[in-house]
Amino acid sequence: MPSDYYSIDLPRLKYRFIFLNSNELSTYSNVTDTAKLTELTVIKNKLKTEGRKNNQNWNGAFSNEQLMWLEEQLKTAGSSNTKVIICLHHPIFPENNHNLLNDLETLEIMSKYKCIKVVLSGHNHFGNFGYYSGIPFITIEGMIETEKENAYAIVEVYNDTIKIKGRGRVPSREINF
């Protein structure tokens, strides 16, 4: 990987793939004695006060710096009519106890940009799917619970469609826009 979070453009198809680091702020990442630990502590305390079910030590978060970078990427893509696919480890939506710690703040940013065509994640081994502000959020089922079958998907990207060809316990989906 070229960095903790990055994007790759496919100019011929007018797509931008954005790869985010949802483990950047977490209890299991190397944030001890850093400003990132302070940022994580603020996020976790807010979630505790709000009684949010995603306030789990197995979840991570984006730093404010990464969120600002994401918004800049989305602004640039939107102004150039570039379609965006976002990939990250922790799900953002629908709400569950495996979600990104700062899921609501991230949804607030993402909901402003119609250039996002799909958000792909993992971490919740049972999978999940939902739309938020017209954006499909797909959490791919994990293979860890598959003793006798597999779980993976192949994603095909077209000008006006994204096809997810599920294998094993991952369902196939087609997103048209």
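Overview of results
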item	result
Residue in the range 113-120 that is under 15 Å from PRO171 (Cβ atoms) and open to solvent by 10 Å² or more (accessible area, probe 1.4 Å) present	yes
Conditions (1) open to solvent by 50 Å² or more (accessible area, probe 1.4 Å); (2) touching a residue at least 24 places away in the same chain (Cβ under 8 Å); (3) of a type in the set (D, E, K, R); number of the one not met by GLU141	(1)
The range 44-72 residues that are farther than 11 Å from LEU101 by Cα, paired with ones that are in a helix (DSSP H, G or I) (beta carbon under 7 Å, 6 or more apart)	ASN64/GLU39; LEU67/GLU105; LEU67/THR106; LEU67/ILE109; LEU70/ILE109; GLU71/ILE109
Yes/no for ILE85 being at pLDDT 95 or above and surrounded by 13 or more Cβ atoms within 10 Å (Cβ to Cβ)	yes
Qualifying residue in the range 5-22 (condition: among the acidic types (Asp, Glu) and either modelled with pLDDT under 90 or in contact with a Gly (Cβ under 8 Å, 6 or more places away or on another chain) (or both))	no
The range 11-33 residues that are within 15 Å of LYS44 (Cβ to Cβ), paired with ones that are of a type in the set (A, V, I, L, M) and open to solvent by 60 Å² or more (accessible area, probe 1.4 Å) (beta carbon under 7 Å, 6 or more apart)	VAL31/LEU37
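The values are calculated or read from the model by the stated rules, or taken from the named source; none is laboratory data. Keep in mind the model is a prediction, meaning the values are calculated, not measured. Quick reminder, even Gly has a Cβ in these numbers, built from the backbone with ideal geometry, and neighbours come from all protein chains shown. Just the protein is used for accessible areas: all its heavy atoms, side chains included, with ligands, DNA and RNA removed. Shrake-Rupley method; radii C 1.70, N 1.55, O 1.52, S 1.80 Å.
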